[in-house]
Every structure is written in structure tokens, then in C-alpha cells.
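Let me begin by presenting the structure, written as C-alpha cells, before commenting on it.
The values are calculated or read from the model by the stated rules, or taken from the named source; none is laboratory data. Please read these numbers as outputs of a predicted model, since none were measured by experiment. Neighbour counts are summed over all protein chains in view; Cβ atoms, including those assigned to glycine, are modelled from backbone coordinates with ideal geometry. Surface accessibility is based on the protein's heavy atoms, side chains included, excluding ligands, DNA and RNA. Shrake-Rupley method; radii C 1.70, N 1.55, O 1.52, S 1.80 Å.
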Amino acid sequence: MNAVDEQLAQRAPEVGVEFDAVVVGAGFGGMYMLHCLRQNGFTARVYEAGGGVGGTWYWNRYPGARCDVESMQYSYSFSEELDQEWSWSEKYSPQPDILEYANHVADRFELRQDIRFDTRVTTATFDETTNRWSVETDQGDQVSAKFCIMAVGCLSAANMPPFDGFDDFEGPIYHTGEWPHEEVDFTGKRVAVIGTGSSGIQSIPIIAEQADAVTVFQRTPNYAVPAWNSKMDPEYERKVKADYPAMRAKARARPTGIFFPFNITPALEASEAEREAQYQEFWDRGGLPFLGAYGDLLFEEEANETAAEFARRKIRAVVDDPEVADLLCPDNIFGCKRLCVDTGYYETYNLPHVKLVDVAKNPIERITQKGVVTGGTEYEADIIVCATGFAAMTGSFDKIRITGRDGLDLTKKWEAGPRTYLGLSTVGFPNFFMITGPGSPSVLANMIQSIEQHADWMVDCMSHMRETGAETIEPTLEEEDAWVEHVNEVAAISLRSTCSSWYVGANIPGRPRVFMPYIGGFPIYVNKCNEVMDNGYEGFLFEGAKATNAPPKVRNTDRWHVELDMDVLSPAMVAEKKVPII
Ligand code: N01
């Protein structure tokens, strides 16, 4: 029996215990939700499938894993003391540092006592006779709670492509999103990497530093902008910490909830020479903010092509072999799939032991004992790394049998794409909340800010229900339909809705094609949530003897009053709902 099993064996399953809330997941969402619940006098149990806190940053331990949002902004904002006491070592933190931060938060706020690790929730069922959720886990727990809160993350359900022969392969097979805890040593090995999204682009250069041979199987090339990562500049850190709330406020007013230089003028109004200089300046800053070089890059195809061509020229300038460079040059919309942020990715293809195999026309046929077969050729390998992404946004919900009113199954309800009101709740599932659920800004905004705003809103709503004696809350079908329509409307305005990305579920065959996150902008979304609350939870129905639609008295949400920063938008852009989201 290993240590984890021993610990589990010692933990007796909880049966018949009642909580105010069960929270699924102890990533950044579940951790802050738990903190809020406790601060507001609610009892809670958090279940976490992993052996520790951190969610995404617990699972994604692959070499090179790093955040693509600046560390000073990718952190909790709820505690000024936490802001002041924590120091990030790099501009863009590597995974171990972010996990260390998550652990620090768990210790500092004494969260662990209410979390059950190594425990996967299997079913959550709404009981209409008691108006409570019954929750079961794979460790035998059977508990009930008034509220069921999903903090399952947007990119947590790993996508393992259904290749024949995985079991035949003689060596280890790893998925980047389920990376082992012990160090994987690539020294002297031949490594096959499948997938060239962010995870592939971050890991390939590091794997290539160690391995004897690396074969990369690429189905679609991606655009990547250099991170130009560096050690944290102490002067920058000091300046931010001198007035952290001001930096947070500036960031929240931005469509992405992240502050960085942004130019709203249209690319096509500039001369070619001006554009070149502008792109170079933004390239030199690096990372996702490159998309802020012009305001219309994600709305006008012709404008986008000017950025795309600039990026292709950068690839050709780095990669020595013109045929390899051609293969690496995407021909689709720049930034349509999530833009990647790299460190030495293209340079890696100049190394003699790194080979790029195009599987666009000849898909991978099967895995054999010795390697990967495509186009009738077997590429031998000792290790296979699948950097093949996730069943995004809804995949983690599908892993749990969630049953609402009248036996309604959530996966069934979302068969044609997720339907939510504000990404917070969904009709037929009373007292069921989702942190950064589909239909909310989530992956298109600063995740941690989105998480905090959602948890604050939820706990205010729960306090209101406690105060008024409300038994249940559930959105109206009319408002849910209107929100889904709005989510689709703003998505259609952006070029982002046009390509086959995980944003639309197109990375996995058979999934419905629906743009899942809300692309209308973080401040616009936050204000809508506030308005709904101020209007007495407009669009929601309460049930219970004294239930009433009125604004809440407890208002953690007050810290989320934001104005859209008009420095990054013109009135015309707002009128046309062209809110640039990087
Ligand atoms: O996953 P992806 P990811 N045969 O879906 C390929 C976040 N993240 O883990 O494009 C061959 O982007 C697939 O090909 P195609 C970030 O939001 C952030 O890299 O579907 N190939 C693609 O190349 C990111 O966007 C960071 O044609 C197959 C790749 O696998 C998101 O997570 C770091 C295949 C999957 O790319 C997901 O990134 C890492 C098949 N059958 C991740 N199936 C940060 O920097 C799939 N592919 C914070």
C-alpha cells in the first residue's frame, strides 16, 4: 500500500453529513470559494481528485509549463497582505512557482482542513423533496448540501486521441495535462511529441535539450510570440506593490481583465512602414499583448493578415530549413486559436536531432510497439508525449453524473452546446453554481480575477437566500435563452469564432460547434452581473416561504464595480460590440 492509499484507508467515508455547500475542485476557484464560504459563515466540503491544491497547476507539470499572463497580475486580489507578502521570481511564473503560491494560500488561510484530496466526485443529484444536492464520491462519501458549486476548471479534462495501439507501445506515454509527479528523464531517449498547441510549444524546446531525438507530429501549426521572460524586476515589483489595488483596478477595466499597452487604431489605417514598426515594437514586448498592436486584428480579416504575415516572416527568419519553416507557418487567422507564447520554440527546429512531421494530410494511423505510424512510415520512439489538449469548458462536467430537476442530466441538456445564464447557473439545476462556467469570460480573461468575481457574487447570493429564507435559486428559461443568444452574437462578431479551436469544441471530433466562453469583455460582463444583482437577481427565480427578489445586504461584490477603460475602445467599437479580447 503506498502512502496515498494508506492515508485514504485511514479516512473513513463521510456518510449522511450535511453541509451548506459542496465545492468540486480545489484549484484557484475552489480554494477561493471555500475561503468566501467560511468568511460568510457557511459550512463547506471541497472534494479534489488530485493529491493537493492548485488545479491546472497541480496537473500540468510538463517541462516548460508556465503562465502566459504576467505573475504580478495572475494572482489573487482579495487579500492586501497576501499581495504584499508574496514575491514572484519571474515575469511569467513557471508551474512550480504557481503551485507553491497555491500551497502558500492553502496554508495561510487554513483551507486544507475542509478539503478531501484524492477524492473524485462521481454523482451530484438534486433531491426535489428536500431541495438539497446529494453528492457521492469514488471514496464512498455520501453527503448532502444546499448548494453544489462546480470549480472544475475550463481545461482539466485531458484529451487523449483515440489512436489504435496505445496499449502496444513498449515505452511510457504521457499527457501534458496529467504529467507524473516524478521527474521524467529524457536523456538518451527518442521522444515523439504529438500536438503543437501551447503545451507542445512550451515543452518541445525543453525536451529537445535532453533527448537524443525528438519527432514532433504537427496537425495544425500555431502562431507563437516570444515571451521574453526574465527574472522579476525588483523595481517593477516595488512599484506595483506600492499601490497594488490601483494596478488591479486598471486591469479590471480592460476587456481581458489584464493590463498591458493597447492601441485601438485600425491596422489598415497605418502605412506599411508604420505597421512594421508597430508590430516590431509589440513583438519586442512579447507574449499575448502582441495582439494589442491594433484594435481591429480580431475583427477584420485583412487587418489580421498583416499581423499574420509579420509573424510568418519571423518564423522564416528563425528556421533555417525553408521547407520546415513553411510547415511551421500557419495559414489561418492570427490569434484565432489561442495565441501561444514561446521561449526558443522555432529555434528548436534548427537542431539536427529535431524532426517535424506533418500529419495534416496523413493523420496518425496507429501507435505500435515501437512508435507512431503516419503516411505508412513508422517513427520509432522510446517515449510518447501527447500534448493533445483538453475537452475544454464542459469536459470536466461530463465526467460527473449531474442530475437536476425531473431527472434532467446536465450532459444531455448540453448535448448541443452548453446553455447557462451568465455562465453562473443553468435552468433545471437549482442551487447549482459554476465558477468560470461556459458563457462567462473565463479563459478569455484573467482567470483568477474571473474566479474571484464569481465566488464573491455567489456568496452574496447565498447570504441573501439565507437572509430571506429562500430555498432555491434557478434562472428563468427566458433569461438563459437571451444570454446564450448574446454570447453567440458577440462571438459571431469576432474572427475567433471562425476557426476550429477548442474555444468552439472543434478540437475533438463529435463535439457540437459552439463558441463557449463569453467574448464581450470582462468589465461589460461584471457590470451585467452587478446589474442583475442590484435589480434583485433579475432573471432568477427564488422558491421558499419568504423568498424575495431583492438586492443582497452582504456585498462582497462591491469590490467589482468597474468601468470599461475607454482608452482601449472607441465608442464605435462599443456600439458594434467589437471589444478586443486577446
Ligand atoms: O492544447 P491545444 P494545449 N492528431 O488544444 C493536436 C492553455 N495552456 O494543451 O490544432 C494530431 O491548444 C492539436 O492539433 P489541431 C491555453 O489556453 C496555457 O496545447 O487540433 N494532433 C493541437 O496541435 C491553451 O490554448 C498555457 O489540429 C492532434 C494540439 O494537439 C490551452 O491550455 C500552456 C490530435 C493540442 O493543442 C490548450 O493548450 C499550456 C490528433 N488526433 C496550455 N488531437 C500557458 O501558457 C489533437 N492534436 C498558460
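Quick notes
- Scanning the range 342-363 for residues that are open to solvent by 20 Å² or more (accessible area, probe 1.4 Å) and either part of a helix (DSSP H, G or I) or within 11 Å of the ligand (Cβ to nearest atom) (or both) returns T343, E347, D358, A360, N362, P363.
- Residues considered: A102, A106. Of these, the only one that is within 16 Å of the ligand (Cβ to nearest atom), open to solvent by less than 30 Å² (accessible area, probe 1.4 Å) and either within 18 Å of the chain's Cα centre (by Cα) or modelled with pLDDT of 95 or more (or both) is A102.
- Within the option set V443, V526, V484, being open to solvent by less than 20 Å² (accessible area, probe 1.4 Å), within 16 Å of the ligand (Cβ to nearest atom) and not in a loop (DSSP other than H, G, I, E, B) holds for one residue only, V443.
- Candidate set from the range 197-219 (those that are near the ligand (Cβ under 7 Å from one of its atoms) and open to solvent by 10 Å² or more (accessible area, probe 1.4 Å)); member that is nearest to P63 (Cα to Cα): Q202
- In summary, S501 fulfils each of the numbered conditions (1) in the same structural domain as S442 (by TED's automatic domain parsing); (2) out of contact with any strand residue (DSSP E or B) (no Cβ under 6 Å at 6 or more places or on another chain) with the single exception of condition (1).
- Some residue of the range 76-85 being under 23 Å from G437 (Cα atoms), touching a residue at least 60 places away in the same chain (Cβ under 8 Å) and of a type outside the set (A, V, I, L, M, F, W, C): yes
- Scan of the range 38-64 for residues that are within 16 Å of the ligand (Cβ to nearest atom) and more than 14 Å from the chain's Cα centre (by Cα), ordered by number: R61, Y62, P63, G64
- Test: R285 is over 27 Å from the mean Cα position of the chain (by Cα) and over 21 Å from I204 (Cα atoms): no
- Pairs with Cβ under 9 Å, 6+ apart, first in the range 491-502 and in contact (Cβ under 8 Å) with a residue 60 or more places away in the chain, second of a type in the set (F, W, Y) and within 12 Å of the ligand (Cβ to nearest atom): R496/Y503; W502/F390
- All positions within the range 332-367 that are touching a Pro at 6+ places or on another chain (Cβ under 8 Å) and charged (D, E, K, R): D342, E347
- Qualifying position, being surrounded by fewer than 24 Cβ atoms within 10 Å (Cβ to Cβ), at pLDDT 95 or above, of a type outside the set (D, E) and outside the structural domain of G29 (by TED's automatic domain parsing), among T377, T403: T377
- Just one of the listed residues (R252, R238) is basic (K, R) and buried (at least 17 other Cβ atoms within 10 Å of the Cβ), and it is R252.
- Residue in the range 171-192 that is within 9 Å of the ligand (Cβ to nearest atom), of a type in the set (G, A, S), closer than 17 Å to Y62 by Cβ and surrounded by fewer than 20 Cβ atoms within 10 Å (Cβ to Cβ) present: no
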